[in-house]
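**Q** Dropping a structure here in structure tokens format, bear with me for questions.
Just so it is clear, none of the values below were taken in a lab; they were calculated from the coordinates. Owing to the predicted nature of the structure, the values given are computational and were not obtained by experimental measurement. Don't worry about glycine lacking a Cβ; one is built from the backbone with ideal geometry, like all the others, and counts go over all protein chains shown.
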Amino acid sequence: MLTLVAGILMLLGVVGAGVGYEIGAVLAGLIGKTSRFEAGIGFAFLISVIFTIAGAYVGKKMVAKKAPRLGSGGAILEPITVSSQMICKNCGAENPLKTEICRACGVPLYEELPGRRCPVCNAPLKLASILSPGRIICNVCYSEFQLVSVPRAYQPTLGEYRFSKKPRLGRKTKIAITGVAVFLLFLIIAGFSVSTQRQTVTTTQTFARGSLSNPALVGESVTVKAYGSVFEITVLDFIRGEEAREEIETANLFNPSPDEGYEYVLVKVRVKYIKGDDTAAVGIFDFKAFVKGSGYGPKLFGVVYPQNKPEFKSVTLVLGGASEGWVLFEVPKDDEILISFSYLFSEPLCFIKLVKPS
């Protein structure tokens with residue numbers, strides 16, 4: 001449990017760096033002052049240091065299971081060398097610790113016997129061999145232990161052996177930590193500049209043409225970049241509703257009709273490869289139709305395209321090459337439609353509204 005707590009606190013130390021910066025800005029707004037960059041950085045480091053130190057402290061307090069004891073009281077097993085594998089005596093395969101059956105040949109790794117067990121692999125200690133007086137080796141995982149005598153009233157745990165030799169923080173280290181904390185506090189205090197009057201700043205954000213908030217229109221080309229490749233995307237034409245349904249049903253008698261509440265949309269697109277270091281593979285799956293925030297992929301199976309509206313094919317473009325064709329979508333009726341383009345499963349790189357410019 002303490003291990004989990006320590007891990008969470010360490011994680012909060014990392015996340016706290018980002019949260020701390022935002023706290024500085026919020027506090028500045030509440031008290032009517034201007035927050036400078038130094039203040040946000042100071043909060044970020046301070047919160048990160050607090051949670052990281054807390055996590056380290058909890059981690060230091062972690063205690064292990066009590067070490068197995070031999071004899072009637074005053075002796076414990078102190079590890080000398082600890083193995084990370086258990087060896088099968090039947091086939092010689094290596095197995096993870098605490099395994100009972102060999103994963104390679106299926107034979108039990110040890111005989112079940114009563115009594116104490118190896119603290120490393122859990123095999124019976126009756127199978128261990130004596131190397132010398134007070135020193136034994138487990139014959140399953142080959143970890144070595146030393147028999148240590150201690151007073152009957154004091155039985156240390158394996159965790160105490162682990163941390164007993166850990167050096168404490170020295171005086172110089174404590175002074176250095178204190179100095180860093182004071183410096184961070186100075187940054188926070190100095191970071192808030194007191195304004196004689198509250199300032200109101202009005203900013204206007206301009207969205208690029210082809211973005212979700214400012215989509216391009218039919219006939220307008222949008223330049224996008226992904227993974228070092230640059231493309232020019234254009235929706236050349238489209239038909240929808242009854243016109244699109246008639247085109248599809250006329251193309252083949254077995255073409256299905258759209259589902260109830262949905263309509264067909266046929267969109268003519270063009271992709272031009274204008275910059276990159278290698279060839280670029282594009283295809284029909286790079287396009288989606290978005291209606292009310294939901295993306296619909298192309299309708300592929302069981303549909304034959306009209307001869308005068310050939311399907312957009314999957315192609316590999318060289319620099320300067322272009323490909324165009326039609327893409328069929330089935331989307332909810334009578335809603336605004338945005339066509340998006342992605343490359344190599346990226347997020348949508350652009351949006352084009354199915355509206356012909358006046």
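**Q** Using the count of nearby Cβ atoms within 10 Å as a rough guide to exposure, how do ILE339, ILE284 rank from fewest to most? All intermediate terms of the calculation are to be shown ahead of the outcome.
**A** On the way: ILE339 25, ILE284 17.
Ordered by Cβ neighbours within 10 Å, fewest first: ILE284, ILE339.
**Q** Next up: When a footprinting reagent is the concern and you count Cβ atoms within 10 Å, what order do SER149, SER342 take, fewest first?
**A** On the way: SER149 11, SER342 18.
Going from least to most buried by this count: SER149, SER342.
**Q** Near the amide H of GLU263, under 5 Å away, which other amide H atoms are found, from residues 5 or more places off or on another chain, if H is placed in the peptide plane?
**A** Placed amide hydrogens put VAL331, LYS333 under 5 Å from GLU263.
**Q** In nm, to one decimal, how far is the SER294 label point from the LYS333 one, both placed 7 Å along Cα→Cβ?
**A** 1.6 nm
**Q** What FRET efficiency would be calculated for the residue pair LYS275, PHE254, taking the C-beta separation as r and a Förster radius of 51 Å, to the nearest 0.05? Could you put the intermediate results ahead of the total?
**A** Numbers: r = 43 Å, r/R0 = 0.84.
FRET efficiency, LYS275 to PHE254: 0.75.
**Q** Still on this structure, please answer the following. Could you give each residue of region 130-142 its phi-based ³J(HN,Hα) in whole Hz, using Karplus coefficients 6.51, -1.76, 1.60 with θ = phi - 60°, and x for Gly or Pro?
**A** Those phi angles translate into 8, 7, 6, x, x, 9, 10, 9, 6, 7, 10, 10, 6 Hz.
**Q** Something else now. Using r as the Cβ-Cβ distance of LYS356 and ASN308, and R0 as 30 Å, what FRET efficiency do you calculate, to the nearest 0.05?
**A** 0.95
**Q** Another question about this same structure. Going by how many other Cβ atoms sit within 10 Å of their own, how do LEU185, LEU217, LEU77 line up, fewest first?
**A** Values: LEU185 12, LEU217 15, LEU77 24.
Ranking LEU185, LEU217, LEU77 by Cβ neighbours within 10 Å, fewest first, gives LEU185, LEU217, LEU77.
**Q** Can I ask one more? If amide H atoms are built 1.01 Å from N in the plane of the peptide, which residues on other chains or at least 5 residues away come under 5 Å of the amide H of GLU311?
**A** Under 5 Å from the amide H of GLU311 lie the amide H atoms of TRP326, each far enough along the sequence or on another chain.
**Q** Could you give the nm distance between label points at VAL315 and GLU111, where each point is 7 Å from its Cα heading toward the beta carbon?
**A** Going by the 7 Å Cα→Cβ label model, 7.7 nm.
**Q** Which ³J(HN,Hα) values, rounded to whole Hz and listed in residue order, are derived for region 117-124 from phi using the Karplus coefficients 6.51, -1.76 and 1.60 in 6.51 cos²θ - 1.76 cosθ + 1.60 with θ = phi - 60°, glycine and proline given as x?
**A** 10, 5, x, 9, 10, 6, 7, x
**Q** Enumerate the amide H contacts of ARG116 below 5 Å, restricted to partners 5 or more residues apart or on another chain; note that Pro and chain-start residues carry no placed amide H.
**A** Here the answer is LEU125, since their amide H atoms fall under 5 Å of that of ARG116.
**Q** Could you go through region 93-99 in sequence order and give the Karplus-derived ³J(HN,Hα) for each residue, using 6.51 cos²θ - 1.76 cosθ + 1.60 with θ = phi - 60°, rounded to whole Hz, and x for Gly and Pro?
**A** 6, 8, 10, x, 4, 6, 7
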